[in-house]
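See below for the structure under consideration.
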Amino acid sequence: VAKNGGRNQYYLFQPQLKTNADNYMTLVSGLASALERRELQLHFQPQIDLPTGGVYGAEALLRWHSSELGSVPPGVFIPIAEANGLVVPIGCWVMEEAIRQAKHWVDQGYEDFVVSVNLSAIQLRDSGLAEHVAGLLDKYGLPPRNLCLEITESTAIADVETSYQICKALGEMGVKLAIDDFGTGYSSLAVLGRFPFDFIKIDRSLVEDIVTNKKDLAVIRSVVALARDLGLQVVAEGVETAAQHEMLRGLGCHEGQGYLYGRPMSREDMDDFLKRKGGCGQLGTA
Ligand code: C2E
Ligand code: MG
Ligand code: MG
Ligand code: MG
């Protein structure tokens, strides 16, 4: 296996994995044409303001319905897109779609609504990213505070200096920043303190057992305390039960995201969801 070859070569060099290699090549060529074939779609998962129950915002999550392969989950195709340079054009498309859609919700009167976009490590190595985002915000007339960019710890650590400069520029523009999947992988508290984050998103794996596992509960309690000291807000991911919701609210988490409130949905369904639940500033009118 070639040292630097990535999955692609790994599969090609293993005859017994021929089927996987075929699959992989089908995925790569399918992804390469997914944009022009209009097979990509953004779904939006609501984020709930826990103290008030209003809709704080939504995370944009990419969906690919391939004509040959059917629905392929982002956990499968994003790493492939990253390994083949395809995440750059795809990431550009996601950013523009998300900003266009955020402007739509702001225009509907949800002026505090925040749309979150996931960034890949490769996007965070491009020193032109902040300027690119500024250009899109300008093109659609979206205030920067209505956009949040989510990065993971490993995303930031891949090239700390460039990532830091980009995040600093974005933060100074007024774009919000979140650290995603907090509590997984190689956590670096140094990155947390140094980068201009606004939100910590606690990973689903930590939220899962809080009702029964005292240790997970203790971890979340201390993350909330740490966030308070750093002046950040805490978003709990993967909230599935009312018991988890009550506990997270009691611990002082600010926002919640998970199947309990709503699954990732089309923008039309998000329109209806907002009408039913109300935005953060529109409580009582819903
Ligand atoms: P993520 O950013 O941590 O997104 C949250 C994931 O958790 C989503 O999976 C969402 O559907 C899922 N989820 C939300 N609530 C619940 C719940 O209550 N229970 C369970 N079991 N799962 C829940 P999804 O959509 O499959 O996305 C997976 C990952 O793919 C994302 O994790 C993100 O890292 C990546 N991704 C998705 N869209 C994009 C994109 O546009 N760009 C980049 N670079 N990455 C993306
Ligand atoms: Mg995310
Ligand atoms: Mg993630
Ligand atoms: Mg996450």
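The values are calculated or read from the model by the stated rules, or taken from the named source; none is laboratory data. In this text, all values refer to a predicted model and were calculated from it rather than measured experimentally. A quick note on method: Cβ atoms are made from the backbone with ideal geometry, for glycine too, and the neighbour counts reach across all protein chains shown.
Scanning the stretch 137-185 for residues that are within 16 Å of ligand 4 (Cβ to nearest atom), farther than 18 Å from I122 by Cβ and surrounded by fewer than 16 Cβ atoms within 10 Å (Cβ to Cβ) yields one hit, T184.
Being part of a helix (DSSP H, G or I), within 16 Å of ligand 2 (Cβ to nearest atom) and not hydroxyl-bearing (S, T, Y) is the requirement here; does L137 meet it? Reasoning before the result, please.
Working: part of a helix (DSSP H, G or I): yes; within 16 Å of ligand 2 (Cβ to nearest atom): no; not hydroxyl-bearing (S, T, Y): yes.
No: the conditions fail for L137.
Residues of the stretch 143-174 that are within 14 Å of the chain's Cα centre (by Cα) and modelled with pLDDT of 95 or more: L147, C148, L149, E150. Just to be sure before I move on: is E82 out of contact with any His (no Cβ under 9 Å at 6 or more places or on another chain) and more than 16 Å from ligand 4 (Cβ to nearest atom) in the structure I sent? Considered against the rule, which asks whether it is out of contact with any His (no Cβ under 9 Å at 6 or more places or on another chain) and more than 16 Å from ligand 4 (Cβ to nearest atom), E82 comes out as yes.
Would you check if L192 is modelled with pLDDT under 90 and in contact with a strand residue (DSSP E or B) (Cβ under 7 Å, 6 or more places away or on another chain)?
Numbers: modelled with pLDDT under 90: yes; in contact with a strand residue (DSSP E or B) (Cβ under 7 Å, 6 or more places away or on another chain): yes.
Against the criterion (modelled with pLDDT under 90 and in contact with a strand residue (DSSP E or B) (Cβ under 7 Å, 6 or more places away or on another chain)), L192 qualifies.
So for the stretch 242-258 (the condition being more than 16 Å from ligand 1 (Cβ to nearest atom), over 16 Å from the mean Cα position of the chain (by Cα) and among the aliphatic types (A, V, I, L, M)), does at least one residue qualify? Yes, the stretch 242-258 contains at least one residue that is more than 16 Å from ligand 1 (Cβ to nearest atom), over 16 Å from the mean Cα position of the chain (by Cα) and among the aliphatic types (A, V, I, L, M).
Among the listed residues G91, G85, G128, which satisfies the condition of being farther than 27 Å from G30 by Cα and of a type in the set (G, A, S)? The conditions single out G128.
Scoring S120 on the criteria (1) modelled with pLDDT of 95 or more; (2) not in a helix (DSSP H, G or I) leaves a single failure, condition (1). Would the stretch 206-218 turn up any residue that is within 16 Å of ligand 4 (Cβ to nearest atom) and of a type in the set (G, A, S)? For the stretch 206-218, residues within 16 Å of ligand 4 (Cβ to nearest atom) and of a type in the set (G, A, S): absent.
The C-beta contact set for the stretch 89-116 (first residue among the hydroxyl-bearing types (S, T, Y), second residue at pLDDT below 95 and not in a helix (DSSP H, G or I), distance under 8 angstrom, 6+ apart or interchain) comprises Y110/G279.
Restricting attention to the stretch 55-71, the residues that are at pLDDT 95 or above and surrounded by 16 or more Cβ atoms within 10 Å (Cβ to Cβ) total 10.
Conditions (1) at pLDDT 95 or above; (2) among the β-branched types (V, I, T), marked per residue:
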residue	(1), (2)
V235	yes, yes
E255	yes, no
G258	yes, no
Y261	yes, no
M265	yes, no
D271	yes, no
G278	no, no
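Scanning the stretch 102-128 for residues that are within 16 Å of ligand 1 (Cβ to nearest atom) and surrounded by fewer than 20 Cβ atoms within 10 Å (Cβ to Cβ) yields A121, I122, R125, D126.
Please tell me if D209 is under 25 Å from E97 (Cβ atoms) and surrounded by fewer than 17 Cβ atoms within 10 Å (Cβ to Cβ).
On the way: under 25 Å from E97 (Cβ atoms): no; surrounded by fewer than 17 Cβ atoms within 10 Å (Cβ to Cβ): yes.
Considered against the rule, which asks whether it is under 25 Å from E97 (Cβ atoms) and surrounded by fewer than 17 Cβ atoms within 10 Å (Cβ to Cβ), D209 comes out as no.
In the stretch 224-241, the residue that is farthest from F195 (Cα to Cα) out of those that are more than 16 Å from ligand 1 (Cβ to nearest atom) and not small (G, A, S) is V224.
A Cβ distance below 7 Å, combined with a sequence gap of six or more or placement on separate chains, defines the contacts here; from the stretch 61-82, residues that are at positive phi reach no residue that is modelled with pLDDT under 95 and surrounded by 14 or more Cβ atoms within 10 Å (Cβ to Cβ).
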